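Worksheet: the structure to be examined is printed underneath.
We did not get these values from a lab; they are worked out from the coordinates using the rules stated. Here the structure is a predicted model, which is why all the values come from computation and not from measurement. Here Cβ is always computed from backbone atoms with ideal geometry, including for glycine, and neighbour counts include all displayed protein chains.
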Ligand code: OOG
Ligand code: NI
């Protein structure tokens with residue numbers, strides 16, 4: 001079931017985000033991987049709207065049902081966001097990062113716009129889903145929960161929260177997947193080296209706070225591409241380009257207590273786990289106009 005749902009998410013994501021196929025092709029050409037399946041997916045991420053019937057509490061039910069465990073909480077007061085990460089049921093599955101817009105912290109005007117859409121959702125839609133029905137869950141994750149927004153509402157929301165605008169249009173489309181770097185061949189297995197490879201191949205990186213986002217313990221390093229602008233059809237067949245999704249890269253270093261372990265014995269549990277609020281804060285901006293206009 002989980003495999004079915006994850007592969008449906010990845011398929012839609014690849015179709016919408018040209019950098020995905022581009023980066024995979026560049027990695028194959030460079031002999032870093034032989035086939036796309038060789039990529040280790042560190043985590044995937046979703047965005048949600050924090051209203052009673054939706055938000056993290058609704059979306060997480062799907063993944064809790066598939067054996068994921070809710071872990072640490074993160075707060076982003078300036079961006080008006082909250083998030084959790086979820087540990088997978090087995091190490092071959094990606095972690096999940098789910099964030100949520102703190103709707104109550106927005107202006108009355110923005111709250112009114114959001115409510116005009118989310119009020120169409122009368123009950124938590126996940127509670128009506130048969131979570132053992134893979135195709136039904138796949139369809140749910142890729143179908144509209146509210147009417148297609150107007151360009152005017154999108155712009156009004158974006159002026160206050162680019163996250164709000166993104167999620168009112170894009171809903172549960174995968175926000176990113178994350179290529180694990182630490183097990184790639186030498187000279188490509190750090191964020192610093194992989195960023196060089198990506199930029200030489202013509203990919204544009206998020207440079208908010210610097211291209212390398214590094215946790216204070218120096219054990220989790222991340223970078224990301226900036227989301228491409230893609231044509232989106234708003235209400236009344238009004239087409240405008242908006243930020244789509246992006247690709248992230250993560251390097252999880254070995255924890256100090258395992259520093260002397262032979263490299264071939266190092267597995268996921270010997271490396272830095274979880275996420276880092278300071279890194280995430282900057283990565284969110286991969287869909288913000290300050291980055292996408294680069
Ligand atoms: C998520 C940004 C945070 C991470 O790995 O810390 C993140 C988003 O853009 O929705 O992905
Ligand atoms: Ni991420």
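Does residue 195 qualify as being surrounded by 17 or more Cβ atoms within 10 Å (Cβ to Cβ), within 16 Å of ligand 1 (Cβ to nearest atom), touching a residue at least 12 places away in the same chain (Cβ under 8 Å) and more than 29 Å from residue 50 (Cβ to Cβ)?
yes
For segment 180-192, what are the residues that are over 16 Å from residue 267 (Cα atoms) and within 13 Å of ligand 1 (Cβ to nearest atom)?
The answer is 191, and nothing else.
Could you list, in sequence order, all residues of segment 270-294 that are touching a helix residue (DSSP H, G or I) at 6+ places or on another chain (Cβ under 9 Å) and over 17 Å from residue 228 (Cα atoms)?
Just the residues of segment 270-294 that are touching a helix residue (DSSP H, G or I) at 6+ places or on another chain (Cβ under 9 Å), to begin with: 270-271, 284-292.
Passing the criteria: 270, 271.
What pairs can you find where one residue is in segment 236-260 and at positive phi, the other is outside any helix (DSSP H, G or I), and their Cβ atoms are less than 8 Å apart, with a gap of 6+ or different chains?
236/150
What helices (runs of 4 or more DSSP H) completely inside segment 105-179 contain at least 1 residues that are away from ligand 1 (no atom under 16 Å from the Cβ), at negative phi and in contact (Cβ under 8 Å) with a residue 24 or more places away in the chain?
108-118, 134-141, 151-160
Identify the residue in segment 233-251 that is in contact with a helix residue (DSSP H, G or I) (Cβ under 6 Å, 6 or more places away or on another chain) and more than 15 Å from ligand 1 (Cβ to nearest atom) and, among all such residues, is nearest to residue 149 (Cα to Cα).
The extreme case among them is 234.
Among the residues of segment 99-114, write down those that are exposed (fewer than 12 other Cβ atoms within 10 Å of the Cβ) and within 27 Å of residue 176 (Cα to Cα).
Residue satisfying the conditions is 104 alone.
Do we have residue 195 as within 15 Å of ligand 2 (Cβ to nearest atom), in contact with a strand residue (DSSP E or B) (Cβ under 6 Å, 6 or more places away or on another chain) and within 23 Å of residue 290 (Cα to Cα) here?
Taking the combined requirement at face value, the residue does not satisfy it.
Just for segment 65-79: of the residues that are in contact (Cβ under 8 Å) with a residue 12 or more places away in the chain and in contact with a strand residue (DSSP E or B) (Cβ under 8 Å, 6 or more places away or on another chain), which one is farthest from residue 130 (Cα to Cα)?
76
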